[in-house]
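The values are calculated or read from the model by the stated rules, or taken from the named source; none is laboratory data. Only a predicted model underlies this, so the values are computations on that prediction, with no experimental measurement involved. Cβ placement follows ideal geometry from the backbone for every residue including glycine, while neighbour counts extend to all protein chains displayed.
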């Protein structure tokens, strides 16, 4: 099995078990070892009266991308610490895209950077997530 | 008007304009100058197949508490940067409580700490939010 | 041995092995379980041409306070992740004080908050440190 | 004047006014718009009794690289908030290299990522700095 196929298999297992991301309307667009891209439209139940998206939903999109990116090596990995910087408002109806990339891994710890952009490419938020491996495989019969 | 009454008036204006927090089932339990407490039950659409809450919803509860706490001085304030540490899992059906307290303010910048706890008092997450004032009042006829 | 005496013994062992903090002129003023206070004067080799202290030295003072606070339970603990917010400049000749307090512990992980103040009490920086225990005691014959 | 020459001129002005970085033995190896590379040898006065570098000096090297990278546009910029993750120990005698790269800019705010590496390329620390422009030029007669 190639690393790409293993990443995809892990993501499929994650996605099947993630009603939360689905209920927010997220789409899993791409996954590869240490990388993921998800998108989500800003819905009416995510904005305030001025049509601006609650930062929590922007975080949640980034956090899901982070989770898919770090869970691509046949080891279950959880989020320990995440930081987000809000740079521009996201508005009702915008489709946001969150691209997660691995920055580094050392032992059981990993750092992943996620950029959330608007359709015009402007950056809505920058996110950095710290992961920790649990030492448990997704698939017992595949190598970690 | 007392600082407490002003904080309450600001919170009422915020709450009236926050369908996002309401749609997640949050309750605004307390507000005072620089402080707020909100609670939220972990619903079926917030968890994975093992009944564990998506970190994004825990963040969102903390972020809402932070927003209510920093918007208590008749100046509109936005979140710039937030960090969260996930300490224990939150499970389906748990009612989470997020207590926000002001740590410091300097010029237009503020720092607020939020602790999210389970009903038994165990800490689910620690959050620190950085705010920035916009120089715009909630109420034109009241002092900032 | 009381928790206070154990904290002091750990701090003495740390201090004896910390030429870096000493070379910066830090003084260990107080230590207790989960808490520490250190101070340091801003020296000529810590400032720029306008007499403002390099942020790195402010961080280092906070980081030392954090290290002393988290190493008070007869377990060797290291810093994993630290964040600092610079609120006001520190100037040549100022004696800075860094007070570290434990926010929470969960398993091997801990969170400590450090406030760095000027002599007039104004806040220079706020720091949050995340620690991780190594499972190694300072003193083999004492309980962890 | 090219952007590269302007970045170099700003860095020269910064360096002339930075005795703190010099006193730690830092070398400014490279600067370009939004980017910088500095190096520093771990000295005896930076380590503990086991030869491990105090995290504060690793942070300080990263912070200096961040400062040089964000001050390359003829506007004076200061650090607001910085986070560092310590991944591996740095040892006595190691020459550490800190490479700073601009992640994004929005209005007066910027985000810069710095990676600190050992001579063998292994990552010692990852740093993310948030900057804020002061609206003051380095050179009155040059464009910002």
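Could you list, in sequence order, the residues of region B:110-122 that are touching a residue at least 24 places away in the same chain (Cβ under 8 Å) and crowded, with 18+ Cβ neighbours inside 10 Å? Let's see the steps before the verdict.
Initial filter on region B:110-122 (touching a residue at least 24 places away in the same chain (Cβ under 8 Å)): B:110, B:112, B:114, B:116, B:118-119, B:122.
If the condition is that a residue be touching a residue at least 24 places away in the same chain (Cβ under 8 Å) and crowded, with 18+ Cβ neighbours inside 10 Å, then B:110, B:112, B:114, B:116 are the ones that fit.
If you go through region C:74-88 and pick out every residue that is outside any strand (DSSP E or B), farther than 16 Å from residue C:130 by Cβ and either within 13 Å of chain D (Cβ to nearest Cβ) or within 15 Å of the chain's Cα centre (by Cα) (or both), you end up with 2.
In region D:107-131, which residues are assigned to a loop (DSSP other than H, G, I, E, B) and within 10 Å of chain A (Cβ to nearest Cβ)? Result: D:107, D:122. Only residues that are assigned to a loop (DSSP other than H, G, I, E, B) and closer than 14 Å to residue C:114 by Cβ were counted in region C:2-37, giving 2. Restricting D:132, D:91 to those that are modelled with pLDDT of 95 or more and over 30 Å from residue B:131 (Cα atoms) reduces the list to D:91. Somewhere in region A:38-47, is a residue surrounded by 15 or more Cβ atoms within 10 Å (Cβ to Cβ) and assigned to a helix (DSSP H, G or I)? Scanning region A:38-47, I find at least one residue that is surrounded by 15 or more Cβ atoms within 10 Å (Cβ to Cβ) and assigned to a helix (DSSP H, G or I), so the answer is yes.
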